[in-house]
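What follows is a set of notes on a single structure, which appears directly below.
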Amino acid sequence: MSTIWHQQTLNLRSRSRGFHLVTDEIMSQLDRIDEIRVGLANIHILHTSASLTLNENADPTVRTDFETHFTRAVPEDTSLYQHTLEGPDDMTSHIKASLLGSSLTLPIRNGRLALGTWQGIYLCEHRNHGGSRSVIVTLTGEG
Amino acid sequence: MSTIWHQQTLNLRSRSRGFHLVTDEIMSQLDRIDEIRVGLANIHILHTSASLTLNENADPTVRTDFETHFTRAVPEDTSLYQHTLEGPDDMTSHIKASLLGSSLTLPIRNGRLALGTWQGIYLCEHRNHGGSRSVIVTLTGEG
Amino acid sequence: MSTIWHQQTLNLRSRSRGFHLVTDEIMSQLDRIDEIRVGLANIHILHTSASLTLNENADPTVRTDFETHFTRAVPEDTSLYQHTLEGPDDMTSHIKASLLGSSLTLPIRNGRLALGTWQGIYLCEHRNHGGSRSVIVTLTGEG
């Protein structure tokens, strides 16, 4: 038994503003997780106006309701903020990114992410036109 | 010196809606942390309507005030959401879970969690009747 | 190749209430990260009324707007909370600390944090007079 380290940059295709289930897009690009019996996967997004979270992976209305909530809770009122050069979705995207977080550190068991039945990875795209997003995945564990 | 890996699923007993200090319940069930001189503990909850956070471990009114805040900040108004089949606490629980987060990654020093004096682990139960909750704890470090 | 473990407590100088870029203050005190080719850095704050987040590292108005947002979103109205012995910024600081989180787990690549171009580490000081703050940094990776 030895400790495996593996790191890989992945590109996630451009998505519309909102919350998107990306578990399969990440896992299908990821190498070597099958070699790890017990370990951790850190998934880190390299941007400050998009974020990652874990939530319900079945009903798409959960993702719609997330967008509704965050648009209401962080109002796009440019009179509230100074950093609005790129539009009303500029500063609000930074705030949402920090509320939700830029990374996930997830358990690995028997070569797979050990998530709950209903847990999936969301890409949270806070910009109106965010473009493609990059994440660095770092895997470590006992092989 | 070698790197230790240890992973364990723990069940946390059913609790009422609100914020609950569970440091002792987790630590009393956890094996092998005493073997680790320097390391990390990842605690991951396997649910999407409960969450984990670290906060004040002494005054119980802090936990009451947390519940007050989140109930006010994420209103249980079913007209705001589509995903409400399980009641007014359904979608709001998913939102709170992502605001607070599904996991903690904590330092280990000399066989114990290296937390601040006032830091304790909260189980955040967002459902009115959530039932028992499971977490996966992954320990790694230098033994 | 072997797995390196390194842990270090760092003190961050006292700052005014608000959001502060501390990437350089942390990195300048940190040993041994240059030995790690692929790894993870966990930065954990030992307090419950200050927090850490990752966000935009260039325009200082982003940090000002963060303070504006969180002061508005978590109102300092003592009639809302019980835990207010230390003043109107007492309970609100605990809430903000959990919304933003007490730790960051970041990828290391080629001896440096592998952050996005615009990402920097913020110390989020929620108290009016918080004083100096301590973090534990745990590094692990393949040397």
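The values are calculated or read from the model by the stated rules, or taken from the named source; none is laboratory data. Model, not experiment: these values are computed from the prediction. Please note: Cβ atoms are built from the backbone with ideal geometry, for glycine as well, and neighbour counts cover all protein chains shown. Calculation scope for accessible area: heavy atoms of the full protein, side chains included, ligands and nucleic acids excluded. Shrake-Rupley method; radii C 1.70, N 1.55, O 1.52, S 1.80 Å.
Annotations for the structure displayed:
- Complete set of residues in region C:47-91 that are in contact with a Ser or Thr (Cβ under 6 Å, 6 or more places away or on another chain) and assigned to a loop (DSSP other than H, G, I, E, B): C:S49, C:V74, C:E76, C:Q82, C:H83, C:T84, C:P88
- Qualifying residue in region A:5-26 (condition: within 9 Å of chain C (Cβ to nearest Cβ), without any contact (Cβ under 8 Å) to a residue 40 or more places away in the chain and open to solvent by less than 20 Å² (accessible area, probe 1.4 Å)): no
- Residue match in region B:69-83 (condition: over 21 Å from C:V74 (Cβ atoms) and open to solvent by less than 30 Å² (accessible area, probe 1.4 Å)): yes
- Test result for A:S103, more than 13 Å from chain B (Cβ to nearest Cβ) and under 11 Å from the mean Cα position of the chain (by Cα): no
- Within region A:99-122, the residues that satisfy the criterion of being small (G, A, S) and in contact (Cβ under 8 Å) with a residue 40 or more places away in the chain are A:G101, A:S102, A:S103, A:G111, A:G120.
- If the condition is being under 13 Å from the mean Cα position of the chain (by Cα) and either crowded, with 24+ Cβ neighbours inside 10 Å or facing chain A (nearest Cβ under 10 Å) (or both), then region B:53-68 contributes only B:L54.
- Screening C:R109 on (1) under 20 Å from A:L52 (Cβ atoms); (2) touching a Leu at 6+ places or on another chain (Cβ under 8 Å) shows it passes everything except condition (2).
- Hits in region A:126-143 - residues which are assigned to a loop (DSSP other than H, G, I, E, B) and open to solvent by 10 Å² or more (accessible area, probe 1.4 Å): A:R127, A:N128, A:H129, A:G130, A:G131, A:S132, A:G143
- For C:I45, the requirement of being open to solvent by less than 20 Å² (accessible area, probe 1.4 Å) and within 14 Å of chain B (Cβ to nearest Cβ) is met.
- The lone exception for B:E35 - which of (1) in contact with a Lys or Arg (Cβ under 8 Å, 6 or more places away or on another chain); (2) surrounded by fewer than 21 Cβ atoms within 10 Å (Cβ to Cβ) it fails: (1)
- Complete set of residues in region A:78-95 that are at the interface with chain C (Cβ under 8 Å from one of its Cβ atoms) and in contact (Cβ under 8 Å) with a residue 40 or more places away in the chain: A:H94
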